[in-house]
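Participant: Pasting a structure here, questions to come.
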Amino acid sequence: MEKPWKCGDCGKRYRAPSLLEAHRRSHTGERPFTCSQCGEGFTHSSNMKRHQRVHTGERPFTCSQCGKGFACSSTLRKHQRVHTGERPFTCSRCGEGFTQSSHLQRHQRFHTGERPFTCSQCGKGFCDSSSLLTHQRIHIGERPFTCSVCEKRFSLLSQLLRHQRVHE
């Protein structure tokens, strides 16, 4: 398929000018589509519509194996790999397989030592954004995990689980 429209910033090519226009937002940071519920902005209207399922609870894509519902079809496809055992993304260094490319990417950082997610408070680096967000709870004092027995609060789920053993 011919892709005559080219991004001047990164060289990526598109088959339609509307697709190039949407791509350009990844460089400019423009997010013209806003969720009426929470105000979050999106580069594409389809992303906003999918996001709104967070608020409505709609999960129109259902796994035929286990009945679990998903807000988008791509997440269902990734989930189905749990049932098939498919691991299409393989590490070229150690041969370990992954169900998602992002999991392979994160894994490869263990080989390279790369830690691109850095805490602005203390400078500590992390392999993935979720580890950074978990770490940042230390600085802001957030404790989202609460013991159902004594109401003590913890910043990490592992801390809560360890604590709950005292109640056994």
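Participant: How high is the FRET efficiency from LYS6 to HIS55, r the C-beta distance, R0 35 Å, rounded to 0.05?
Facilitator: 0.40
Participant: Just the C-alpha atoms of the range 28-94: what Rg/Rh do they give, with Rh taken as the Kirkwood radius? Before the final figure, lay out the partial values.
Facilitator: Numbers: Rg = 15.9 Å, Rh = 14.2 Å.
That ratio is 1.12, to two decimals.
Participant: Along each of its three principal axes, how wide is the spread of alpha-carbon positions in the range 88-128, in whole angstrom units, largest first?
Facilitator: Largest first, the range 88-128 extends 37, 17, 8 Å along its Cα principal axes.
Participant: Averaging sequence separations of C-alpha pairs under 8 Å and six or more residues apart, then dividing by the length of the chain, give the relative contact order as a whole percent.
Facilitator: Working: 179 pairs, mean separation 11.7, N = 168.
Computed value for the chain: 7 percent relative contact order.
Participant: Taking amide H positions as placed 1.01 Å from N in the peptide plane, with prolines and chain starts having none, which residues 5 or more places from ARG31, or on another chain, fall under 5 Å of its amide H?
Facilitator: Those lying under 5 Å, H to H, from ARG31: there are none.
Participant: Mean 1/r over all different Cα pairs, inverted: what Kirkwood radius does the range 51-134 give, in Å? Show your work: numbers first, answer last.
Facilitator: On the way: mean 1/r = 0.0660 Å⁻¹.
After inverting the mean inverse Cα-Cα distance, the result is 15.2 Å.
Participant: Let me ask something else about it. What per residue convex hull volume, in Å³, do the alpha-carbon atoms of the range 88-168 yield? Don't skip to the answer; put the middle values down first.
Facilitator: Details: hull volume 10.5 nm³, N = 81.
So the per-residue Cα hull volume is 130 Å³.
Participant: Moving on. Taking Cα pairs under 8 Å and at least six residues apart, what relative contact order does the range 118-168 come out at, in percent?
Facilitator: 22 percent
Participant: Gain in length, LEU157 to THR134, computed as 0.36 nm per residue apart minus the alpha-carbon separation, to one decimal in nm?
Facilitator: Contour length minus Cα-Cα distance gives 7.3 nm.
Participant: Let me ask another. Tell me the label-point distance for the pair CYS150, THR75, using the 7 Å Cα-to-Cβ offset, in nm and rounded to one decimal.
Facilitator: The answer from the label model is 3.6 nm.
Participant: Next up: Over the alpha-carbon set of the chain, work out the extent along each principal axis and list the three values in angstrom, largest first.
Facilitator: Computed over the Cα atoms, the extents are 65, 41, 40 Å.
Participant: Tabulate in residue order the Karplus-calculated ³J(HN,Hα) for the range 72-89, using 6.51 cos²θ - 1.76 cosθ + 1.60 with θ = phi - 60°, rounded to whole Hz; enter x for Gly and Pro.
Facilitator: 9, 5, 5, 5, 4, 4, 5, 4, 4, 5, 4, 7, 7, x, 5, 9, x, 10
Participant: Measure off 7 Å from each Cα along the Cα-to-Cβ vector at GLU96 and THR62, then give the distance between these two points in nanometres to one decimal.
Facilitator: 3.6 nm
Throughout, read-outs are computed from the coordinates displayed, never taken from laboratory work. Just so we're clear, the structure is a prediction, and the values are computed from it rather than from any experiment. We place every Cβ from the backbone using ideal geometry, glycine too, and count neighbours over all the protein chains shown.
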